[in-house]
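Engineer: Starting off with a structure, shown below.
The values are calculated or read from the model by the stated rules, or taken from the named source; none is laboratory data. This one's a predicted model, so the numbers in the text were calculated from it and none came from an experiment. With ideal geometry, Cβ positions are generated from the backbone for all residues, glycine too; neighbour counts draw on all protein chains shown. Heads up: the accessible areas ignore ligands, DNA and RNA and are worked out on the full protein's heavy atoms, side chains in. Shrake-Rupley method; radii C 1.70, N 1.55, O 1.52, S 1.80 Å.
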Amino acid sequence: MTAGDAHDEVVRTLTLAFGLHQQSRLAEAAPLYDEVLLRDPDQFDALHLRGVLATQTGDLARARSWLERALAVQPLSLAARTNYCILLFALGDSLGALECAEKILEIDPGNAVAYNDRGRALSSLSRLDEALGSFEAALASDPRYAEAHYNRATIFLETGRFEEAIDGFGQALAINPGLTVARSAQAQCRWQFNDWDQYAADRQTILEAVRSGLPVSTPVFFLSLSDSAADQLACNRAHVRSMVRSSPVPPWRSNPYRHERIRLAYVSADFREHAVSYLTAGLIEAHRRDRFEVIGVEIGPASSDPMQQRMAQAFDAYVRVGELNDRNAADRLRELEIDIAIDLTGATRYGRAGLFALRPAPVQISYLGFPGTSGAEWIDYIIADRVVIPEDLAMDYSEKILWLPVSFQVSDDKRPRVPEPLTRRECRLPEEGLVLASFNNNSKITPDVFDIWMRLLRAIDASVLWLFAPHPRSQENLLRAAHAGGVTQERIVFAESLPYHRHLARVAQADIFLDTFPFNGGTTVNDALWAGVPVVTHAGEAFAARMAASLLMALGLPELIARDLDEYESIVLKLARNPAFRAEMHARLASRHDSALFSTRASCDVLEAGYEALYAASREGAAPSSRRVDPQGADPVALAGQLPGARPARRAGWLSRWLGS
């Protein structure tokens, strides 16, 4: 065969491969690209397109090799560099993607796609002002770039510029009506400041999309839409599929490490003034160092506030990997020979699903940061109790369950037991009358629950509702909804933002804490109970809809757990109108600080027993299996056989069993 004939054969094979590739017949196209590369290892188009195909199929390591070889052949190729940028995002390499986008802009200064990619990389590195500038530049170059409109709007959303975010998502949808994720994000913005004008329609649209398997909603946002554990599993599975493009690393066959002490890594973006640290600081300090080596792995932006300093000092070692790509961060954990990695962030801001998909530890656990299933096959366990995850609903969780005997939630008992209280005057509360409070994030408030609160205010003379809603637009919308519900403005009091220790000092001024539904309070409910304030909750189906019920059961207060919203309203009215019942609840809360719920040592002992059992199972090469920690402190034992698969006839059936009815 002459050189000309060989060249013609390469062209024919490459053309055939490209045609199959365009038809999404990837399994047929791949060997043809490989055939071309056997004939000509430096054939640029084959290297480039083989790398693109490997990216599409999740073979990211080989995709990187092919694309880097293509760029070595043609370093000025914008197409190859753009696809290399896509690959780097899939690899979780934000710094690499940033460098790649900036290289494209050196070659083509007006490239809108490169400006958009630069903005995405900067956003993931928490450089939000710079990211916003990049998205603005992308839109200056291409005003009809729907993705850039969407990405710019997400910066507005993250920085509290909700009105601009709504407009931005609307512009993205006007250009590309099929961008359903923008519709969900727009609804999230509206609900962030309690604009419920389109609530029912938005909720139904998002629910239908999630049930169709579309990644249209962030997991955290969806917690306020549905208390269905099955819906949340569908939402989170779609989310992790969209976040992690590569094929997950297979589970460890067994734990190869041999340490005198079990090596724990708590991985979090929230080792700072944050609810997760308020709960876990005491736990980290309490771990028994003769049995455990405890390492903090910070994956979020660096901070230096007092809580961050306390957390850093509590660990035996403190490692920052926030700016490392997923691969390098996973390698760092492997270098540390972590036995058990506990993800305290989950699917919240700065979560690193791609890091955990690389399986940096033999045992990987989801705990506290995200109150629900991860939907990820690479998270082995979720820490729970049998109130937040009843055994007959365990099938709606992608993880196996580690059931604790009291409550899933750990508490820091170093908080002041009786902080010097703020006065009602200092809290801008009336001197007389009942104070109904809800310090949950205002985005958790739904129209149905708010309507109940308005009925309660109308029914309870001289009562006020004390809310935390820092955004002025939220306050305007809540006051408008109150007026529509027949409640005057002076009966709604908005709490100001305070440092955590000052917040604890004011909580006791509330008479009754009103929980939200379907997304309960977590730390806020814990704080209210710590302060001795009765909490009324409606327990639904999914984890986030049962958190307050878990805490109340742990304190022996099942009377404050409602089976439905009608009963929720009735319990609040009973507390308000029946001083003897209210006094009984307060009396039973009087011994709260001596309870297992509020004993950091007791919670730590139970968790350590669980960790030891999971470590032993991993050493033996056993597959993850649901298990419970024995209430007497014995080692946990795996649950025999399959968990019950049938749902209860009534959703509240699990609660009836706990209440003995």
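Engineer: Return only the number of the condition from (1) open to solvent by less than 50 Å² (accessible area, probe 1.4 Å); (2) in a helix (DSSP H, G or I) that residue 466 does not satisfy.
Structural biologist: Only one criterion in (1) open to solvent by less than 50 Å² (accessible area, probe 1.4 Å); (2) in a helix (DSSP H, G or I) is unmet by residue 466, namely (2).
Conditions (1) open to solvent by 30 Å² or more (accessible area, probe 1.4 Å); (2) within 21 Å of residue 251 (Cα to Cα), marked per residue:
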{"residue": "315", "(1), (2)": "no, no"}
{"residue": "319", "(1), (2)": "no, no"}
{"residue": "328", "(1), (2)": "yes, yes"}
{"residue": "334", "(1), (2)": "yes, yes"}
{"residue": "355", "(1), (2)": "no, yes"}
{"residue": "381", "(1), (2)": "no, yes"}
{"residue": "388", "(1), (2)": "no, no"}
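Engineer: When you go through 516, 537, 523, 600 one by one, which is the residue that is in contact (Cβ under 8 Å) with a residue 12 or more places away in the chain, open to solvent by 10 Å² or more (accessible area, probe 1.4 Å) and among the β-branched types (Val, Ile, Thr)?
Structural biologist: Answer to the check: 523.
Engineer: Further question: Quick one: what pairs do we get from region 400-412, first residue of a type in the set (D, E, K, R), second part of a loop (DSSP other than H, G, I, E, B), C-beta under 7 Å, 6+ apart or different chains?
Structural biologist: 400/380; 400/624; 400/625; 400/626
Engineer: Can you pull out the residues in region 356-391 that are in a helix (DSSP H, G or I) and modelled with pLDDT of 95 or more?
Structural biologist: 356 - this is the single residue of region 356-391 that is in a helix (DSSP H, G or I) and modelled with pLDDT of 95 or more.
Engineer: While we're on this one: Among (1) touching a strand residue (DSSP E or B) at 6+ places or on another chain (Cβ under 8 Å); (2) closer than 19 Å to residue 216 by Cβ, where does residue 234 come up short?
Structural biologist: Checking residue 234 against (1) touching a strand residue (DSSP E or B) at 6+ places or on another chain (Cβ under 8 Å); (2) closer than 19 Å to residue 216 by Cβ, the one that fails is (1).
Engineer: Still on this structure: Sort out which residues of region 553-580 are part of a helix (DSSP H, G or I) and within 29 Å of the chain's Cα centre (by Cα), and write them in order of number.
Structural biologist: 553, 554, 558, 560, 565, 568
Engineer: Which ranges mark the helices (runs of 4 or more DSSP H) fully within region 11-114 that have 3 or more residues being open to solvent by 60 Å² or more (accessible area, probe 1.4 Å) and either touching a residue at least 40 places away in the same chain (Cβ under 8 Å) or within 22 Å of residue 137 (Cα to Cα) (or both)? It would help to see each step written out before you state the result.
Structural biologist: Details: elements: 26-39, 44-56, 60-73, 78-90, 94-107.
Once the helices (runs of 4 or more DSSP H) in region 11-114 are filtered for at least 3 residues that are open to solvent by 60 Å² or more (accessible area, probe 1.4 Å) and either touching a residue at least 40 places away in the same chain (Cβ under 8 Å) or within 22 Å of residue 137 (Cα to Cα) (or both), what remains is 94-107.
Engineer: Check 548, 528, 554 and return the single one that is within 19 Å of residue 590 (Cα to Cα), without any contact (Cβ under 8 Å) to a residue 40 or more places away in the chain and either open to solvent by 10 Å² or more (accessible area, probe 1.4 Å) or out of contact with any Leu (no Cβ under 8 Å at 6 or more places or on another chain) (or both).
Structural biologist: Numbers: 528 fails: without any contact (Cβ under 8 Å) to a residue 40 or more places away in the chain; 554 fails: without any contact (Cβ under 8 Å) to a residue 40 or more places away in the chain.
The conditions single out 548.
Engineer: Does any residue in region 171-184 that is closer than 19 Å to residue 235 by Cβ come within less than 6 Å, Cβ to Cβ, of a residue that is open to solvent by 40 Å² or more (accessible area, probe 1.4 Å) and part of a helix (DSSP H, G or I) six or more places away or on a different chain, and which pairs are these?
Structural biologist: Going by the 6 Å Cβ cut-off, the qualifying pairs are 182/150.
Engineer: Okay, next question. Can you tell me which of 241, 263, 258, 253 is in a loop (DSSP other than H, G, I, E, B) and touching a residue at least 12 places away in the same chain (Cβ under 8 Å)?
Structural biologist: That would be 253, the only listed residue that is in a loop (DSSP other than H, G, I, E, B) and touching a residue at least 12 places away in the same chain (Cβ under 8 Å).
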